[in-house]
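The values are calculated or read from the model by the stated rules, or taken from the named source; none is laboratory data. Keep in mind that what you see is a predicted model, and the values were worked out from it rather than measured. Note that we place each Cβ from the backbone using ideal geometry, even for glycine, and neighbour counts take in every protein chain shown.
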């Protein structure tokens, strides 16, 4: 395909996997049984993604508890009542908080990648959480014997190790989730928290060669959970100039659900560089309506009027189920939307003469 197209990561889990997760949590299914269900779901998800014509596939986060907290699986130095994330419909998500050091990942994304590579016949992209998101685990006060500075250093090391591990294991690319970027401007309108996020992530990204950074992308969105967003009301143009300071090669931008996409596209055009590829969101994952290929094509053509086509790609605005328990979107709708994106992107490319 002359205009590349990729999905963002999470796909709704099948019913049998959700049931198995509940049984495992209740002590009625052992870990081996749960692992078998997860691998079945990964295999089915990748097969269906390949059937849509997707040139790059993901594992759909089928084995992750969430796209943000999977590294915490197995850790015993966490407690409840961390940072709360409020969504527009009134529901919330809450992170745990760190209570002691040192900080290490309990589970690495390499685990998920290796399982996907066993069954995929197309390149596999691996999604990971950005270190800046996990920086929210450290409490507002302090931890005795474990300073925030030491924690951030340990966190950067763990993130670097995970990204390197994914590239070494065969990932076609690694994508860092950055939904907390726009959220930070809602929680801290001064932009100080966002600048701290950018600095931490650039500390990690600067450790990679230019060739490796070309395979590393960052994905910004206003949240997509239970058909609601957490920061869509924050002016996108306040985020994007800072966002493009990240030392990554690819930028995935939510756009289909944006109230004024033209404003955001202009800022993306003006603040991005010639070395940065921009994947523009043409599918809204929290809209239950399945977009037509023609509608997708129109969105691609609009984006191409701002972004040079040689730097343009398309994507979904966000994952379809970043938290394992999010059943607001069915698998059938998710795959239908993905197929519409692939077909619509191809139609636009043909209209552009590519």
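Please tell me if residue 54 is in contact with a strand residue (DSSP E or B) (Cβ under 8 Å, 6 or more places away or on another chain) and modelled with pLDDT of 95 or more.
On the way: in contact with a strand residue (DSSP E or B) (Cβ under 8 Å, 6 or more places away or on another chain): yes; modelled with pLDDT of 95 or more: yes.
So residue 54 passes the test.
For every residue, the table says whether it meets (1) more than 30 Å from residue 309 (Cα to Cα); (2) out of contact with any helix residue (DSSP H, G or I) (no Cβ under 6 Å at 6 or more places or on another chain); (3) surrounded by 15 or more Cβ atoms within 10 Å (Cβ to Cβ).
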| residue | (1), (2), (3) |
| --- | --- |
| 5 | no, no, yes |
| 22 | yes, yes, no |
| 32 | yes, yes, no |
| 56 | no, yes, yes |
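Scanning region 205-241 for residues that are farther than 18 Å from residue 87 by Cβ and either surrounded by fewer than 17 Cβ atoms within 10 Å (Cβ to Cβ) or modelled with pLDDT under 95 (or both) gives 206, 207, 209, 210, 211, 212, 214, 235, 237, 238, 241.
Restrict the check to region 264-278 and report whether at least one residue is part of a strand (DSSP E or B) and either at pLDDT 95 or above or over 30 Å from residue 164 (Cβ atoms) (or both). The answer is yes; a qualifying residue exists.
Give region 13-33 a look and list any residue that's over 17 Å from residue 327 (Cβ atoms) and not in a helix (DSSP H, G or I), or say none. Quick ask: steps written out before the conclusion?
Residues of region 13-33 over 17 Å from residue 327 (Cβ atoms): 24, 26-33.
26, 27, 28, 29, 30 - these are the residues of region 13-33 that are over 17 Å from residue 327 (Cβ atoms) and not in a helix (DSSP H, G or I).
Condition check ((1) in contact with a helix residue (DSSP H, G or I) (Cβ under 6 Å, 6 or more places away or on another chain); (2) crowded, with 18+ Cβ neighbours inside 10 Å; (3) at pLDDT 95 or above; (4) within 25 Å of residue 158 (Cα to Cα)) across all residues:
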site	(1), (2), (3), (4)
37	yes, yes, yes, no
60	yes, yes, yes, yes
67	no, yes, no, yes
74	no, no, no, yes
86	no, no, no, no
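Give region 90-135 a look and list any residue that's part of a strand (DSSP E or B) and closer than 25 Å to residue 35 by Cα, or say none.
Step one: filter region 90-135 for residues part of a strand (DSSP E or B), giving 92-94, 97-98, 124-129.
Matches in region 90-135: 124, 125, 126, 127, 128, 129.
In region 302-353, the qualifying residues are those that are assigned to a loop (DSSP other than H, G, I, E, B) and touching a strand residue (DSSP E or B) at 6+ places or on another chain (Cβ under 7 Å), and the one that is surrounded by the fewest Cβ atoms within 10 Å (Cβ to Cβ) is 326.
Restricting to region 138-173, and then to whatever is touching a residue at least 60 places away in the same chain (Cβ under 8 Å) and touching a helix residue (DSSP H, G or I) at 6+ places or on another chain (Cβ under 8 Å), can you tell me which residue is nearest to residue 250 (Cα to Cα)? Filtering region 138-173 for residues that are touching a residue at least 60 places away in the same chain (Cβ under 8 Å) and touching a helix residue (DSSP H, G or I) at 6+ places or on another chain (Cβ under 8 Å), the one nearest to residue 250 (Cα to Cα) comes out as 162.
Before we move on, is residue 98 more than 17 Å from residue 318 (Cα to Cα), surrounded by 21 or more Cβ atoms within 10 Å (Cβ to Cβ), modelled with pLDDT of 95 or more and over 20 Å from the mean Cα position of the chain (by Cα)? Yes: the conditions hold for residue 98.
Of all residues in region 176-233, those that are assigned to a loop (DSSP other than H, G, I, E, B) and either in contact with a strand residue (DSSP E or B) (Cβ under 8 Å, 6 or more places away or on another chain) or in contact (Cβ under 8 Å) with a residue 12 or more places away in the chain (or both) total 18. When restricted to residues that are in a loop (DSSP other than H, G, I, E, B) and in contact with a helix residue (DSSP H, G or I) (Cβ under 8 Å, 6 or more places away or on another chain), region 279-299 contains 5. Scanning region 75-89 for residues that are closer than 28 Å to residue 174 by Cβ and either in a strand (DSSP E or B) or under 22 Å from the mean Cα position of the chain (by Cα) (or both) returns 78, 82, 83, 85, 87.
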